[in-house]
Ligand SMILES: Nc1nc2c(ncn2[C@@H]2O[C@H](COP(=O)(O)OP(=O)(O)OP(=O)(O)O)[C@@H](O)[C@H]2O)c(=O)[nH]1
Ligand SMILES: Nc1ncnc2c1ncn2[C@@H]1O[C@H](COP(=O)(O)OP(=O)(O)OP(=O)(O)O)[C@@H](O)[C@H]1O
């Protein structure tokens, strides 16, 4: 198995999707509007993690492309929960890829306390051998959901998936707290957005003053 050759189109897909989704954020900024996208990240799944998954799920190498949906992974992080659904709707309207599956772990959080909205897409990349369609996973979550998931991921890594009961229970409490934080922020969303718009205007004014 030549991993570099195998992963090359996935790297291309991640790079292209990052540019496209960051472009959506930029368009809101040019229009001086609140962007539902705070930031976008992406990664190609590390080879060790692909191998772990094939072992855990008993996936033959020949089925890697079909059975591991997150070799190309994109993450869109939003300020508010309803921004997530704005992003989901924008993604549904795009015609540069097909949506294969949507998983709403927000209305139905996972047993661990994990919350996020996932969209699995089939993305066409242009290669020198022609078009190649591959799977990619887009995770959409709030800053609070991301904070929780990042910490939980680190703990899972530290404890090889066997997080001690006491830590697990604290993580569940933290997940509830993150949920309440999202709820409270949603209630003062318009106040926050007004403040951010004033800040942006002031910033733009200062930039114009510097130019003149
Ligand atoms: N930190 C954290 N991330 C999670 C959790 N569950 C899912 N994820 C993330 O979401 C991805 C896809 O998870 P699922 O939608 O459950 O996918 P699946 O194919 O059913 O199961 P996986 O074997 O976990 O990929 C994972 O690869 C993680 O990046 C969780 O409990 N904690
Ligand atoms: N869709 C994604 N977009 C951006 N980053 C991601 C995405 N999925 C996972 N990551 C990040 O990539 C890094 C390596 O993740 P890895 O694939 O090993 O984790 P995982 O998705 O939780 O794995 P698995 O589900 O196979 O246990 C982690 O920092 C993880 O948070």
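What follows draws every value from the coordinates through simple rules; no lab data is involved. Given the structure is predicted, the values throughout are model-derived calculations rather than measurements.
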Under a Gaussian network model of the chain whose springs join Cα atoms within less than 10 Å, the largest fluctuation of 174, 144, 195 belongs to 195
Would you calculate, for the chain, the mean residue ellipticity at 222 nm contributed by helices, counting each DSSP H stretch of 4 or more residues as -39,500 (n - 2.57) and dividing by all residues, to the nearest 500?
-18500 deg cm²/dmol
Kirkwood Rh, the chain, all Cα pairs: how many Å?
19.2 Å
What are the semi-axes of the equivalent ellipsoid of region 26-91, taken as the square roots of 5 times the eigenvalues of the Cα gyration tensor, listed largest first and rounded to whole Å?
34, 11, 10
Inter-part distance where region 46-74 and region 168-212 are each reduced to a Cα centre, Å:
37 Å
Given 4 °C and 1.567 mPa s, compute D for region 120-212 with the Stokes-Einstein relation, Rh being the Kirkwood radius over Cα pairs; round to the nearest whole µm²/s.
73 µm²/s
Fraction of beta bridges assigned by DSSP in the chain that are antiparallel (%, nearest 5)
75 percent
Among 70, 182, 52, which one shows the highest mean-square fluctuation when the chain is modelled as a Gaussian network with alpha-carbon springs under 10 Å?
52
Using only the Cα atoms of region 67-140, each taken as one equal point scatterer with no solvent, compute I(q) by the Debye sum, divide by I(0), and report log10 of the ratio at q = 0.14, 0.17, 0.20, 0.22 Å⁻¹.
-0.48, -0.68, -0.89, -1.03
